[in-house]
Every structure is written in structure tokens, then in C-alpha cells.
1. Please count how many residues of segment 113-160 are surrounded by 20 or more Cβ atoms within 10 Å (Cβ to Cβ) and small (Gly, Ala, Ser).
2. Please return the ranges of helices (runs of 4 or more DSSP H) entirely within segment 82-143 where 1 or more residues are at pLDDT below 80.
3. Examine segment 149-168 for a residue that is farther than 18 Å from Glu22 by Cα, at pLDDT below 95 and outside any helix (DSSP H, G or I), and state whether such a residue exists.
4. Please specify each residue of segment 4-14 satisfying the condition of being among the hydrophobic types (A, V, I, L, M, F, W, C), more than 17 Å from His69 (Cα to Cα) and buried (at least 24 other Cβ atoms within 10 Å of the Cβ).
5. I'm trying to understand the selection: among the residues of segment 17-37, which are modelled with pLDDT of 65 or more, more than 30 Å from Ala163 (Cβ to Cβ) and acidic (Asp, Glu)?
Amino acid sequence: MIFVGVDPSIVCTGIVAIMDGEVVWERTVDDPPRKKDEPKKGTRVDPVRLANMVRGIQSAALLGWDTSHDVVLAVEEPFIGKNATAALKTYSVFSAFVFLAQIETYMHQHIVALLTPSPANIKKFVGVREKNFVARAVFRKWGYAADDDNLVDAYAIARWAEAEWNATHK
């Protein structure tokens, strides 16, 4: 069984796959930076930017892990907070993952479960109250470190999925 954790974002999405507690695959999908002659991106959801992220996510998934195992996919729910515009953008990426999970042929995987933990559930699972301390707690608990916080968050989400799956399927 492979457990895939996804930290969705419109700027940089982290994806980590673990099997038997070991990282088997990890990738960040970044929105390409804007060129000097391009107009500044507005506050609304930019369809081109979203399409780039979805294509990046699809290609990351296609080039990813061993295709002979079942997959539990966990995509963190976006944090809403007080910024509805930011939440809408992040929900767009979140929706792309949900869509991909429903159409398994994109990933050539058998996705046995789609889990959507809240950010609060992940922080509680890791043992912290604030997002700033997730990376430190993940390193202390499992020895995983990455240069990108999106990968650390995705790793924590994958570990959460593994724990949830094992608790309900033993």
C-alpha cells in the first residue's frame, strides 16, 4: 500500500508518497514565475495558472511511483481563514486532486481511498498547535526533513493517511 500526501496550493503543491514508512517518491509542482514582460497576476483565480498547476500535477503523478500497489490518497483541505480569494484559489487545486482521484486512469493507480484531512487534524496528529512548528515536529517524530515546507506538510499528510488507514483497516 502506498500512502500519498498532498499539500495543495496554487503557488507550490507538495506531493509525497510513502510505503512501509519510507519515502518512495516526492515532488513539488510550482507555478512558473512570471516573465518580466507579462502583466502582474491579479487576485482572481487565473485559469492559465490553474491549468499549469493541473498539468504539472498530472505529469508528476504519471512519472511517479510504482504502479503495482494500491494507493490511499490524502489531500489536505484548504485553510479558509479570512481571505476568501486565497481560499478559492487553493480550492481550485484541491478540486483538481479530487478530480484526479476520481479518474484513476490519470495516475494508472488503483486508488482505494481519498481522504481529506483538515489542516487542524494534521497539526494535531503531528503534535503542534501552529503551522510554523510542523517541520520541526515531523523531523523529531520521523526524521524527515526537506528544503520545502510543502514537502514536509505533504509528508505529514501521508503519515496521517497511513495511521488513519491502519486504524480503520486492521
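The values are calculated or read from the model by the stated rules, or taken from the named source; none is laboratory data. This structure is a prediction, so every number in the text was calculated from the model and none was measured. Note: ideal-geometry Cβ built from the backbone for every residue, glycine included; neighbour counts use all protein chains shown.
1. 4
2. Working: elements: 84-102, 119-126, 134-142.
Output list reads 84-102.
3. no
4. Passing the criteria: only Val6.
5. Asp37
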